[in-house]
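The values are calculated or read from the model by the stated rules, or taken from the named source; none is laboratory data. Please read all numbers here as calculations on a predicted model, not as lab measurements. Cβ sites come from the backbone with ideal geometry, for glycine too, and all protein chains shown count toward neighbours.
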Amino acid sequence: MREDLMRIGDQVIVEISEYDRILNPNLPVVRTKAEIVAFGHFYCGRMSQSIPPGKYRSHSKVKVCFENGYQCVVSSECVCLSDRDEYVDRIAESSVLKEYSCSESTMDIFLEDLPDTLFWEGDLVFWRNVQCRIFRIHYEDLENRDGSEVKKPLSYNIFIKETKKIEKVAEGELSLVERGDVWKFYHKEPVSFDSLEEEIGFLRSIGRTREVKNPKNGKPDWSRKEIIEGMKSGLIHNFRVFCGLLDDEGRLFAERFLDEDFGRKVAQMRLERIAQAF
């Protein structure tokens, strides 16, 4: 069901797939009546290029209570209103039919900061006498399938450089060797880089940049001339080149840094290099 049309207290029909039932035997039969009791949520880690880190409410997941009292979180795609006429009325009353994809009602809403953890993304740790890096934190381990909180150790994805493999391990199996650049950045400790390009990549990897659409057409693509003009005017700080299978010269996308001073430094460097090349 369309996420922006759902309400707490709605009486719904939940479509349960056989695959979901195998994963969770507590789920009722295939088509079951239920009530929406809460919206779901998700965690966004610090290594994200999209939104700031934290816990977010998401209309794409809903918590439902079945007639037998069992509660769990399901995808909104599995849910439909029991009252079909009410659903039709809501569609008719909705003012976001044509601009549904950018409606505020479908945007993920920030709830709270990430919970405290012993390790952060990028930290250097020991696991079975091998040094490795924290790659991902499984914040979802803090909750049961029904969305209730549980007290159990987190698990982490670690990257082992020697084997180039990623392993999922429990928190108790790890010991800290050295804090990584992500922890240092958020705790305002010095972070060293071998080049400006490396610093750009790091800031981009932790979501400290924002894509800028072309003001002339509202699309992400920019021409070379528009990129240069944008950097000179201060509208953008940097650009990226994406090459697809059918792209002869690649597509140019523009971005700004949240740190304005650093952004202006990058723009100046890019313009100087362009001037030297031509």
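Only helices (runs of 4 or more DSSP H) whose full extent lies in the stretch 187-278 are considered here, and the ones with at least 3 residues that are farther than 25 Å from PHE135 by Cβ are 224-233, 260-277.
When you check ILE16 against the structure, is it modelled with pLDDT of 75 or more, surrounded by fewer than 16 Cβ atoms within 10 Å (Cβ to Cβ), not assigned by TED's automatic domain parsing to the domain that holds ASP141 and not basic (Lys, Arg), yes or no? Here the answer is no, as ILE16 does not meet what is asked. Exactly one residue out of SER223, SER205 is out of contact with any helix residue (DSSP H, G or I) (no Cβ under 9 Å at 6 or more places or on another chain) and among the hydroxyl-bearing types (Ser, Thr, Tyr): that is SER223.
Screening the candidates ASP123, ASP113, ASP141 for the property of being in contact (Cβ under 8 Å) with a residue 24 or more places away in the chain, touching a Leu at 6+ places or on another chain (Cβ under 9 Å) and either surrounded by 12 or more Cβ atoms within 10 Å (Cβ to Cβ) or not aliphatic (A, V, I, L, M) (or both) yields one hit, ASP123. Given the conditions (1) modelled with pLDDT of 95 or more; (2) in a helix (DSSP H, G or I), and given that ASP141 satisfies all but one, which numbered condition is not satisfied? Every listed condition holds for ASP141 apart from (1).
Apart from one condition, GLU35 fits all of (1) part of a loop (DSSP other than H, G, I, E, B); (2) surrounded by 16 or more Cβ atoms within 10 Å (Cβ to Cβ); the exception is (1).
Before we move on, is GLU178 among the acidic types (Asp, Glu) and under 23 Å from GLY207 (Cα atoms)? The answer is yes for GLU178.
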